[in-house]
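J.: Once you've had a glance at the structure underneath, I'll fire off some questions.
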Amino acid sequence: MRLSLTKLATLLGGGEVVWSEIIPREQWRGARSTAAIEMSRRRINRSLQKFTAQQGLGFIRHSLLGRHAYGNFELDGVHLSDLGMDVFLLNIKVALEGAGCK
């Protein structure tokens, strides 16, 4: 992911590159251990947040999309509900507007 972000930033030549963190889910299909997946997700997000800061890239947090936030997920616990999708897209919109994108 780091290599891809670095290459993308180089290819865009001054364009803003923003990483959207991996959001939590209520369920991870096929996972033997939801706790292990959650730990990996957090580790990856921390690592990429640090990396993007060092490289001058953007990072979008989705703090309102917690696993236990009511109404963010469909009944399957995997897909975002309409409300969850609205929150997700609003976070991206705000981040892009903050980066000077219209």
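The values are calculated or read from the model by the stated rules, or taken from the named source; none is laboratory data. Quantities reported herein were computed from a predicted structural model and do not represent experimental measurements. Please note: Cβ atoms are built from the backbone with ideal geometry, for glycine as well, and neighbour counts cover all protein chains shown.
J.: Which condition number in (1) surrounded by fewer than 16 Cβ atoms within 10 Å (Cβ to Cβ); (2) at pLDDT 85 or above; (3) not charged (D, E, K, R) is the one that residue 45 fails?
T.: Result: residue 45 fails condition (1) only.
Rundown of residues vs (1) part of a loop (DSSP other than H, G, I, E, B); (2) hydroxyl-bearing (Ser, Thr, Tyr); (3) touching a residue at least 40 places away in the same chain (Cβ under 8 Å), yes/no style:
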residue	(1), (2), (3)
19	no, no, yes
22	yes, no, no
31	yes, no, no
42	no, no, no
51	no, no, yes
59	no, no, yes
66	yes, no, yes
70	yes, yes, no
